[in-house]
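Here's the structure, in structure tokens; my notes come after.
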């Protein structure tokens, strides 16, 4: 927001955070609020539903963990920052829908903090892919295959007892983002006016 000069949005977000922090700050003080926040964060991350072994968690760190590889948080963070820097670098070539879909997909792929019920947040990715398909029939087949792969009922896959197979959606999401990037590069369309 700072880099793009969206000051109204940034000021609104800061004002909202400060307004919502008023009550805890008034009742618990700054240090008490900070301690409560860190305690809540650690208890959330230590919950059985939020460990990387939980079947409902998604993302690259969870996929790596299911394969027996430990992806350190710092490496995942560096990869995420690299992806964000790439999106920032090429933002002039992206449509606004593609930009938001890439940002949301980056969070899903690299953070490892999301669950399978959060996939609703990456629907802009598929909307951007539909937009890029246009009248090119050859693009509809991969789009339909990726969409179908994302929405296969989990009950059909989870019964196999294979942890990496439980994470197939992380792979589908990564492939979908890469397909969108490939289509974008092939089209070389002008960006939409919202980005200017």
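No lab work stands behind these numbers, since they all come straight from the coordinates. These numbers come from a predicted model, not from an experiment. A quick note on method: Cβ atoms are made from the backbone with ideal geometry, for glycine too, and the neighbour counts reach across all protein chains shown.
Across 60, 81, 113, mean-square fluctuation computed from a Gaussian network of the chain (C-alpha pairs under 10 Å connected) peaks at 81. Pairs of C-alpha atoms in the chain farther apart than 25 Å represent 50 percent of all such pairs.
Quote to one decimal, in nm, the extra length available between residue 131 and residue 21 on full extension: 0.36 nm per residue of separation minus the C-alpha distance between them.
Details: separation 110, 0.36 × 110 = 39.60 nm, distance 4.04 nm.
Gain in length upon complete extension: 35.6 nm.
Modelled spin labels at residue 100 and residue 54, positioned 7 Å past Cα toward Cβ, are 2.7 nm from each other.
With a simple spin-label model that places each label point 7 Å from the Cα along the Cα-to-Cβ direction, the separation between residue 14 and residue 38 comes to 2.5 nm. Of the peptides 26-37, 123-134, 143-154, the ranking by mean beta-carbon count within 10 Å, highest at the top, reads 123-134, 143-154, 26-37. Along its first, second and third principal axes, ordered by size, segment 1-116 spans 45, 40, 23 Å in Cα coordinates.
Annotation for segment 32-72 versus segment 113-147: alpha-carbon center distance of 27 Å.
Quick one: Kirkwood hydrodynamic radius for segment 1-46, alpha-carbon pairs, angstrom, one decimal?
On the way: mean 1/r = 0.0814 Å⁻¹.
So the Kirkwood estimate lands at 12.3 Å.
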